[in-house]
Amino acid sequence: MTGAPAVPRAPLPRTVKALATVSFFTDAASEMIYPLLPAFLTATLGASAAWVGIIEGAADATSSLLKLASGWWSDRVRRRKPLIVFGYALAAVLRPLVAVATSSWQVLAIRVGDRMGKGIRGAPRDAMIADAVAPSDRGRAFGVQRAADHAGAFVGPIIAFVLLQWAGLSLRTVFLLAAIPGALAVAAAVIGVRETDGGRLTVDGGHPPADGGRLTVDGGGAPLSAAPLGASFWRYLGVLVLFTLGNSTDAFLLLRATELGVKPALLPILWAALHVVKSATSIPAGAWSDRVGRRTMIAAGWLWYALVYVGFAFATETWHAWALFLSYGLFFGMTEGVERALVADLVPATRRGVAFGWYNGVIGAAVLPASVAFGLLWDWQGSAFAFGVGAASACLAALGLTLVRPARAH
């Protein structure tokens, strides 16, 4: 007895593909710099581990908190593309300025400005992706975007490695050349991204509201743009904060790899290998979450994260760093796109911009103290203790997901 043949899934809309292309070039530019930055800060500029945590924590916090404002504004004006283009352009201009930095303070200012661009574009971009597809395709759509993002993050370190090892260029020159893929990302955003239905927000399935934009609840109640986000959404954010408080910036993983004997010249290759796994697993994990449920996939990813952090705590050999980085990539594939899809599942259609803003904002509020605390724990008790604390926090957060119970799709 055979089952019914599988129904082929429709191609994703142009908007999703265009935003994936933009993410590819942006991460290629960013990752030409990022894996080299911890070594540049500590070896060239003399920064401590705690200072690395301050820089990355402040940068990520700025990014995440700005997403709240940009998401709210994109819902209010019902246009997402201008914020998306401006955010990518700001980062593309500021990011290469690391090439001329002569102090940690300057790197801090540049990183914060770079992440400001990410904060401005992030929530409108995620909301635009959610607007463009049906609920049954959200996991796949976000998986494609994350896969392209990580593919760019693979290409960027490879370019940096070639420029350093084969072309013999300096770190500062490599940082400066990151302006090229950044410019390509901005061009792709300007040319390829289109507002859904001329800029009006749509309901699930892509249909604009019949009255020109004012959706109502239950046939004429309060405007859906003012509808509550829901208790499950706020519980979900609380669990995310718990996880984030034990989550370090990945700069510490690169420092740990250096402790384990990975040479600075090979850090871009190690970072590229991580993103190969991220890219390869994002689409299947996102599509699988459409079937088995978002919470199940996220909880599995967080528990895997805890195991990897325990591995970093007890690693003793150089090959351990390589194996753990590859394993770490699976965590991202299982959670990044799926977390965003769950946000869209939990809130009304016309509240997605502000919902994604809150999603990134509360994480940003936790990122700075989390990164600073991780660096202080590292300096105080060593890397093993810091990684152990992160693993414990991830386990508690996975348990906390049982409190999040999505209602029926909006």
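Laid out as a table, the results:
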quantity: FRET efficiency, 1/(1 + (r/R0)^6) with R0 30 Å, evaluated for TRP234 and SER170 via beta carbons; calculated: 0.05
quantity: Coordinate range along principal axes, alpha carbons of region 251-410, Å, largest first; calculated: 51, 32, 25
quantity: Point-to-point label distance, VAL93-GLU259, nm (Cα→Cβ direction, 7 Å offset); calculated: 4.0
quantity: Compactness index (Cα Rg / 2.2 N^0.38 Å), region 296-359; calculated: 1.47
quantity: Rounded to the nearest 20 debye, dipole of region 71-187 from Cβ charges on Lys, Arg, Asp, Glu; calculated: 280
quantity: Gaussian network model of the chain, springs between alpha carbon atoms under 10 Å - residue of ALA132, ALA321, ALA231 with greatest fluctuation; calculated: ALA231
quantity: Calculated [θ] (222 nm, deg cm²/dmol) that DSSP helices of n ≥ 4 give over the chain, each run adding -39,500 (n - 2.57); calculated: -24000 deg cm²/dmol
quantity: Charge dipole (debye, nearest 20) of the chain; +1 at Cβ of Lys and Arg, -1 at Cβ of Asp and Glu; calculated: 860
quantity: For region 349-358, 3J(HN,Hα) per residue [Karplus equation, 6.51 cos²θ - 1.76 cosθ + 1.60, θ = phi - 60°, Hz, x = Gly/Pro]; calculated: 4, 8, 10, 5, x, 5, 5, 5, x, 5
quantity: Residue-by-residue Karplus 3J(HN,Hα) for region 16-28, coefficients 6.51, -1.76, 1.60, Hz, glycine and proline x; calculated: 5, 5, 5, 5, 5, 5, 4, 4, 4, 5, 5, 6, 4
quantity: VAL77 paired with PHE385, simple spin-label distance in nm, labels 7 Å along Cα-to-beta-carbon; calculated: 4.9
quantity: Phi-based couplings in Hz for region 106-118 (Karplus 6.51, -1.76, 1.60; Gly and Pro marked x); calculated: 5, 4, 4, 5, 5, 5, 5, x, 4, 6, 4, x, 5
quantity: Partners for LYS278 among aspartates and glutamates (Cα-Cα distance below 20 Å; same-chain residues under 8 apart left out); calculated: ASP27, GLU31, ASP60, ASP126, ASP137, ASP149, ASP250, ASP290, GLU336, GLU339
quantity: Residue-count net charge about ILE363 - beta-carbon cut-off 14 Å; Lys, Arg +1, Asp, Glu -1; calculated: -1
quantity: 5 angstrom amide H check on ALA47, placed H, neighbours 5+ away; calculated: THR42
quantity: Average Cα contact separation per residue, region 219-356, under 8 Å, 6 or more apart, as relative contact order %; calculated: 39
quantity: Interchain or long-range residues, amide H under 5 Å from GLY293's placed H; calculated: none
quantity: Cα-based helix-to-principal-axis angle, 231-245 vs the chain, degrees rounded to 10; calculated: 0
quantity: The chain: Cα Rg divided by the 2.2 N^0.38 Å rule of thumb; calculated: 0.96
quantity: Long pairs among LYS17/LYS81; LYS81/LYS118; LYS17/LYS67, criterion Cα-Cα beyond 18 Å; calculated: LYS17/LYS67
quantity: Cα-based helix-to-principal-axis angle, 81-94 vs the chain, degrees rounded to 10; calculated: 10
quantity: Chain lengthening between VAL190 and THR402 when straightened (0.36 nm per residue, less Cα-Cα); calculated: 72.2 nm
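Since every read-out is calculated from the coordinates, none of them should be taken as a lab result. Treat the numbers as computed from the prediction; the structure is a model and nothing was measured. All Cβ positions, glycine included, derive from the backbone under ideal geometry; neighbour counts span all protein chains shown.
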